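Written out below as structure tokens is the structure these notes cover.
Derivation of every value follows stated rules applied to the coordinates shown; laboratory data play no part. Small disclaimer: the values here were computed from a predicted structure and weren't measured. When we count neighbours, we look across all protein chains shown, and the Cβ atoms used for this are built from the backbone with ideal geometry, even at glycine.
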């Protein structure tokens, strides 16, 4: 590396080296100390062989005024926006700018068409949010959920109120004088038409489920390559979508409110298998849950648990089932105690 | 006016000794070291001291890329302003002069890239963290190749085109003034200018692909 002398570097800056010497310098620059020497020599070369000598006093004056802010624009160029855009290409620049800004507008509206057409509410892991929609319907959105509603036409005359749900939410729908429909769309060809009022929808990977607490809703299910099915629910009923059979399974729940206790940061288990609990933790808290033994997966849990803190729930389960629960950052593992 | 090529070396004897990498950048030999205490008590004064020390060299270097005194001075001024305003002197790991030079080159490159190819990096220069992104050896060499090919391209312009170009760009004269001085029409000045820029664009084009990569890493 000693072949790189100061003379060589100075020649290099002046563009007077061969390509081999250039390569030599490039290799030499691998060393951080040499890079520092390189910049030092470059400054020295610019000091001794300047392309032109800038007026230092004027420059410093300008810089000082800029620092004290007495002169917001120190040159013909507005500094805060783009100090380097000069009216050099005025004509072509102007038309280019017009065309560019037009295409930027078009491109952005295309890219963000979802955010322009829809208002989106999103919750993160462990976050529960209460929303009041423009028609004053109330929605409690569980963790890791997304609710979208059309910005346009939502309350325009005669339009139906469409919302799109991924995740879990409790709806308390306001009835409007013109009897306008309120429809919850899920990802799975299942739509819930509200006739009046309070119900809980789960639309996640693990299940699609509707529990009606009060009022009346009509379900519209469109299985693939089949006639659509309609089902009217009465309070206390629970409908789960069986995707394999492409069918809606209706059961009656004596305690429909249990399906919305999550909004008070509680879980109510009623002979709930550990696999389902694991999925709930995964969905609501964004943790990866692994159950080591299949014998463990079928263990069932009942009772009401506070889940303000997921670690409390985990240690409760550990004690209750006398199993071992380990958590490493985002990973939770359930395993038998004796391993 | 600008004849940086083929200058006689000032002191050939001292120039042929090998450079001593590690020691030459030691703190005790570093003139910036004396400034360290001033940075704490009066950063503005320290910043002005740096400005006085490197302004001419940095402007000269920037002008090799952008070929305009005014743009070069704007760039250097902007670099110092950001250096002071963002308190970069607190976070810079390399030497200040290395940082200043890198920042000036980066902005100068961004400017000509906008001017000659009508495309920018897509990243706001202010947002790019030069402290974290120190140019690699190949990037450094590409910057050098860039200003050297610009210089070469300008030297190869037809004499009258070159004269018009330098008066307009480097000296920042108005087309009207140039036309008067060279006794030609404004229309002819315009023709010379567009010719110069298109030749410059052609000369620099093969380098975009190389230096362009600099831009792409920032995305």
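Structural remarks
- Segment residue A:264..residue A:302, full-extension length gain: 11.9 nm, with 0.36 nm per residue of separation and the alpha-carbon distance subtracted.
- Length gained on full extension, residue A:101 to residue A:132, computed as 0.36 nm times the residue gap minus the Cα-Cα distance: 7.5 nm.
- The overall shape of segment A:6-48, judged from the alpha-carbon gyration tensor, is oblate: a/c is not under 1.5, and a/b is no greater than b/c.
- Packing-based exposure ordering (other Cβ within 10 Å, fewest first) of B:192, A:49, A:220, B:61: A:220, A:49, B:192, B:61
- Separation of the residue A:47 and residue A:224 label points, Cα + 7 Å toward Cβ, nm: 7.4 nm
- Cα-Cα pairs of segment A:123-259 separated by more than 27 Å (percent): 15 percent
- Once the C-beta distance of residue B:195 and residue A:60 is scaled by a Förster radius of 30 Å, the resulting FRET efficiency is 0.20 to the nearest 0.05.
- Residue by residue along B:51-63, Cβ atoms of other protein chains within 10 Å of the local Cβ number 6 on average.
- Point-to-point label distance, residue B:187-residue A:333, nm (Cα→Cβ direction, 7 Å offset): 8.4 nm
- Order of A:146, A:53 under a 10 Å beta carbon neighbour criterion, fewest first: A:53, A:146
- Rounded to the nearest 0.05, the FRET efficiency derived from the C-beta distance between residue B:44 and residue A:174 at R0 = 51 Å is 0.25.
- Segment A:265-336 shape via C-alpha gyration tensor axes, a/c threshold 1.5: rounded
- Residues A:319, A:276 arranged by fewest to most Cβ contacts within 10 Å: A:319, A:276
- Taking label positions 7 Å along the Cα-Cβ direction at both residue A:20 and residue B:153, the computed distance is 3.0 nm, reported to one decimal.
- Ordering of A:225-236, B:141-152, B:48-59, B:80-91 by burial proxy (mean other Cβ atoms within 10 Å per residue, highest first): B:48-59, B:141-152, B:80-91, A:225-236
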